[in-house]
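Peer 1: One structure follows; several queries about it will come next.
The values are calculated or read from the model by the stated rules, or taken from the named source; none is laboratory data. These numbers come from a predicted model, not from an experiment. Virtual Cβ from ideal backbone geometry, glycine too; neighbours counted across all protein chains shown. Surface areas here come from the heavy atoms of the whole protein model, side chains and all, with no ligands, DNA or RNA. Shrake-Rupley method; radii C 1.70, N 1.55, O 1.52, S 1.80 Å.
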Amino acid sequence: MAGATNGGGNGANGGGGGGKMISLPLQYFCVLAAVVVAVMVLSLAFMSPAAMVAVRQNLGAVVAASNSSGSVGDAAGAGLAAPSPPAASGKEREREKERRPPVVLFNFGDSNSDTGGVAAAGGIRIMPPEGRTYFHRPTGRLSDGRVIIDFICESLNTHELNPYLKGIGSDYSNGVNFAMAGSTVSHGVSPYSLNVQIDQFVYFKHRSLELFERGLKGPVSKEGFENALYMMDIGHNDMVGVAHTPSDQWDKKITEIIGEIRKGLGILYDNGARKFWIHGTGALGCLPAVAVREKGEHDEHGCLASVNRAARAFNKKLSDLCDDMRFYLKNATIVYTDMFAIKYDFVANHNKYGIPWPLMVCCGNGGPPYNFDQGKHGCGDLCEPGSKVLSWDGVHYTDFGSGLAAKLVMSGEYSKPRVKLASLVHGGSKKSSDA
């Protein structure tokens, strides 16, 4: 496999020039190293001097639509059979779809939902086998294929969400993805922290509506912003940092992080957002890069217990925040999705999903059960396409893993309130005007 070159000769598409081309053995080292550095900075900012040495050693998701069974239950309780609605004809279904406003999504997050933002921002041409499974070409996603938000877009019959900073070839008519790999909620750690991503959204909205006011065609109309789904999947990098500080400091630090998310939700609400889909953090202690590499107490499934405790503590406060914001943000629907429960179940009950090695990496070295030889970089041992392997590189999910998670995310089974994502997207929407 070719090494990293700068401004090399002709590529597969006949392109030359000054972009950075990075081969896979080096690309993940570079990108993940940047993420690790960001997390280390966050950790050191939070911890006491006595804890720094230890860290240096270890740190390397309307309601009525979803609950329609309630009305049926009431009828059944009265001893009456609920009448079946008349079946809609194909033409009626098509007319219903035409009456719906276009699907618009705005996403704020980190590498779990980055669809090429960090590659565009850094001018990095990531090389195969990234993107091999679905796109059959590198796309800037830190995966062999799709991430969860790609499956969400597909289910809503809209195209993939384009990164905010990817100017060439982007179509923002269905919204924007502001997520960037390495991003945090906390300020000053990543150049694209949550507050910056929200500032980018406010700027995008202002410029888009300004075009309409001038009689030009903008990417998203006023109705589009009003009907849009605002998604947030961020905090993972923050919590890896917090998890490496003394546990008696966690509550204070998590409260500060949640406070920033509260501010962000408030700004979005003030800018017209009314439908929110918020993801908690996953089972961070079960990431191979954490579970396999770090020392400490591991649970019965091989996950690092302390990191998972920190993730649960964050999720508890995030869920409580969503409960609180439902009271303060009038006419808004705020759905919290328990990503920890979804992803932990993949490990704890991996046989149910047909996963033989839940902590194994696809792009790694050493073979099962982990394929995560810490002394080597790149994909010396690459799993077969279509393999039931959760982790692509030790941190990010494979196309297979993201597909599993997306199905459960969209079902509403792990959400509070229990509402399907499609019901929230289409429920209560206003018909888009011609403006």
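Peer 1: Any chance you could count how many residues in the range 269-279 are part of a helix (DSSP H, G or I) and surrounded by fewer than 15 Cβ atoms within 10 Å (Cβ to Cβ)? Steps first, answer last, please.
Peer 2: If we filter the range 269-279 for residues that are part of a helix (DSSP H, G or I), which is where we start, we get 269-270.
Within this subset, residues satisfying the condition of being surrounded by fewer than 15 Cβ atoms within 10 Å (Cβ to Cβ) are 270.
Total satisfying the criteria: 1.
Peer 1: Just to check your reading of the model, which residue among LYS217, LYS275, LYS205 is in contact with a helix residue (DSSP H, G or I) (Cβ under 8 Å, 6 or more places away or on another chain) and modelled with pLDDT under 95? Please lay out each step first, then the result.
Peer 2: Values: LYS275 fails: modelled with pLDDT under 95; LYS205 fails: modelled with pLDDT under 95.
Only one candidate passes the filter, namely LYS217.
Peer 1: Contact list please: Cβ distance under 8 Å, first residue in the range 207-228 and closer than 19 Å to GLY427 by Cβ, second residue assigned to a helix (DSSP H, G or I) and modelled with pLDDT of 95 or more, pairs at least six apart or on different chains.
Peer 2: From residues that are closer than 19 Å to GLY427 by Cβ, the pairs are PHE225/LYS205; PHE225/SER208; PHE225/LEU209.
Peer 1: Here's another thing I want to ask about it. Which ranges mark the helices (runs of 4 or more DSSP H) fully within the range 106-224 that have 1 or more residues being within 21 Å of TYR269 (Cβ to Cβ) and of a type in the set (A, V, I, L, M)?
Peer 2: On the way: elements: 117-122, 148-155, 194-213.
In the range 106-224, the matching helices (runs of 4 or more DSSP H) lie at 194-213.
Peer 1: Just to be sure, is PHE372 open to solvent by 40 Å² or more (accessible area, probe 1.4 Å), among the aromatic types (Phe, Trp, Tyr), within 23 Å of SER111 (Cβ to Cβ) and within 23 Å of the chain's Cα centre (by Cα)? Let's see the steps before the verdict.
Peer 2: Numbers: open to solvent by 40 Å² or more (accessible area, probe 1.4 Å): yes; among the aromatic types (Phe, Trp, Tyr): yes; within 23 Å of SER111 (Cβ to Cβ): yes; within 23 Å of the chain's Cα centre (by Cα): no.
Taking the combined requirement at face value, the residue does not satisfy it.
Peer 1: While we're looking at this one, here's another question. Six or more apart or on different chains, Cβ under 9 Å: which pairs go from a residue in the range 262-289 that's more than 30 Å from ASN371 (Cβ to Cβ) to one that's in a helix (DSSP H, G or I) and of a type in the set (Ser, Thr, Tyr)? Could you list them?
Peer 2: Qualifying pairs under 9 Å: GLY266/TYR328; TYR269/TYR328; PHE276/TYR269; ILE278/SER319.
Peer 1: Considering only residues of the range 330-369 that are out of contact with any Phe, Trp or Tyr (no Cβ under 9 Å at 6 or more places or on another chain) and on the phi > 0 side of the Ramachandran plot, which is least open to solvent (accessible area, probe 1.4 Å)?
Peer 2: Ranking the qualifying residues of the range 330-369, first place goes to GLY367.
Peer 1: Does the range 119-138 hold any residues that are under 23 Å from SER173 (Cβ atoms) and crowded, with 20+ Cβ neighbours inside 10 Å, and which are they?
Peer 2: Scanning the range 119-138 gives ALA119, ALA120.
Peer 1: Next question, about the same structure. Determine which member of the set GLY282, GLY241, GLY266, GLY259 is buried (at least 18 other Cβ atoms within 10 Å of the Cβ) and in a helix (DSSP H, G or I).
Peer 2: Values: GLY282 fails: in a helix (DSSP H, G or I); GLY266 fails: buried (at least 18 other Cβ atoms within 10 Å of the Cβ); GLY259 fails: buried (at least 18 other Cβ atoms within 10 Å of the Cβ).
None of the others qualify; the one that does is GLY241.
Peer 1: Still on this structure, please answer the following. Has the range 390-404 got at least one residue that is touching a Pro at 6+ places or on another chain (Cβ under 6 Å) and modelled with pLDDT under 95?
Peer 2: The answer is no, given that none of the residues of the range 390-404 is touching a Pro at 6+ places or on another chain (Cβ under 6 Å) and modelled with pLDDT under 95.
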